[in-house]
Structures are given as structure tokens and as C-alpha cells.
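A.B. asks: Sending over a structure as C-alpha cells; questions will come in a sec.
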Amino acid sequence: MHAQITNPDNLIAPPPRNPARAIPRPTGDLQWLWQYTQPAPNGNEAGLLKDPRFASLLADNLKAPQSFFRDGELPLAQVAQRYFGMIFSAVRGIDNRYITFNSCVPHDCTSHGLLWADTAPQHPTVVFAATEWTTQGKSVIDPDAEYYLWVFSSRPLNPDHLPATLVAAIAGWNGTQPQHIQRALVIDPDGTPHPVEPAKLGATPAQNQ
């Protein structure tokens, strides 16, 4: 179900529920994800989606407030589960450290989702990226339709120095089924948004950028 966005300001995540609250630390060992990268090159996405640890992974690491999906009525982890409801993609490992998985919302596959994980024990990080049609201008079936991109991370990322493997993963994900990104945000675990030029995230900018 598309978010009904009529004002670009609605891209901004709501303020943290408790600004004084410490940013939650990512939890859990991410090494269990590696089994689902086999058999290469496409891995076992069906097995990953059925593993109860997948829902726990999302709940433990995706705690930022969100406003892009159904006006924020669902927690971010539940939204991410909606985005990984289709089995058609691949679970891949990169450099024996990073794992990527992408899918889309069932019956609405213009809403793309990407999961990127840094499994290093000293830097465990989970990133959920999602696209949504702006609902303005061109129809969703128009090849030049424009989208917004949200990038939620389990730990704060420097928007000026994003992990190169994350940028490459977004570029590959966006490039497979190109969507023109009108505006992009990197969002901290506490909900703080950071506008980022789509190209810096590896995404295809909208023509009016």
C-alpha cells in the first residue's frame, strides 16, 4: 500500500519519542545469516524469510520512528517485514563480511526494499532501505515516475562518509529495476533525518534533480 505523500516535508521522520533516551545498540550475532547465502549465487531467500530469527533481527535493529508508510501507524520493523514479503530475489555475501537481500511489497512491487548487514562482530549494523512512489506527477507505471528513498540504520551513519559497500549495494539494487529518486534521507536510530543527494547513495536521481 503506497504512502499518500502530498508534501515533501512529510519525508521527515517524526521527532524521537524521548530525545534524552540513549540510542539503542544493535543486538545479536549476525553470523547466522551466512547460511542463507548458500547455495551461491542466489542463496536461500525462502529459508531466510521463514527463519523466526529474521523477524527478531528486524525488531532488534530497526527501532526508529517512521512516517512514510501508512502515516507511521506501524513500527519500522513491521514495515520492513512487509517489504520482504515476496520471494524472488537473492541473499548474497560480499567480502566475507556484508550480506544483502532485496525484495518488494506483495501485490505492490513498485515499493522496493533492501536489507544490508555488516556482520563484523565489532561493527554489527543492519540497514533497511525502502522506496515509495511520490504519488505526484507521473503515474506509478510511468517509467519516469519519481520515488522517495529512506535509509534506516541500526547505528548512526555519517551521511558524508557512507560505507562504500552500502552505496554499491544501493546502486546495484536501484539499477536492476531503476527508479528515479526525487529525494533521499538517511535516518538515525533515534529518528534524526539527514537529507542526502540520491547520487551519493548510488541511486538514480530524478530528472529534475
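None of the figures in this text is laboratory data; all of them are computed from the coordinates on show. These numbers were taken from a predicted model, which means no experiment stands behind them. Cβ: placed from backbone, ideal geometry, glycine included. Neighbour counts: every protein chain shown.
A.B. asks: What ranking do TYR147, TYR98 get, fewest neighbouring Cβ atoms within 10 angstrom at the top?
C.D. replies: TYR98, TYR147
A.B. asks: Now, a different point. Could you name the lysines in cross-link range of LYS138, using Cα to Cα under 25 Å and dropping any fewer than eight places away on the same chain?
C.D. replies: Of all the lysines, those that pass the test against LYS138 - Cα under 25 Å, at least 8 places apart if same chain - are LYS200.
A.B. asks: Can I ask one more? Tell me, what is the percent relative contact order of the stretch 29-205, built from C-alpha pairs under 8 Å that lie six or more residues apart?
C.D. replies: Worked out over the stretch 29-205, it gives 17 percent.
A.B. asks: Highest mean first, how do 129-142, 60-73, 40-53 rank when packing is the count of other Cβ atoms within 10 Å averaged over residues?
C.D. replies: Numbers: 129-142: 17.0, 60-73: 19.3, 40-53: 14.5.
Highest mean packing first, the order is 60-73, 129-142, 40-53.
A.B. asks: If you plug each phi of the stretch 110-124 into the Karplus form 6.51 cos²θ - 1.76 cosθ + 1.60 with θ = phi - 60°, what whole-Hz ³J(HN,Hα) values come out, in order, with x for Gly and Pro?
C.D. replies: 7, 8, 9, x, 9, 10, 10, 10, 9, 8, 4, x, 7, 9, x
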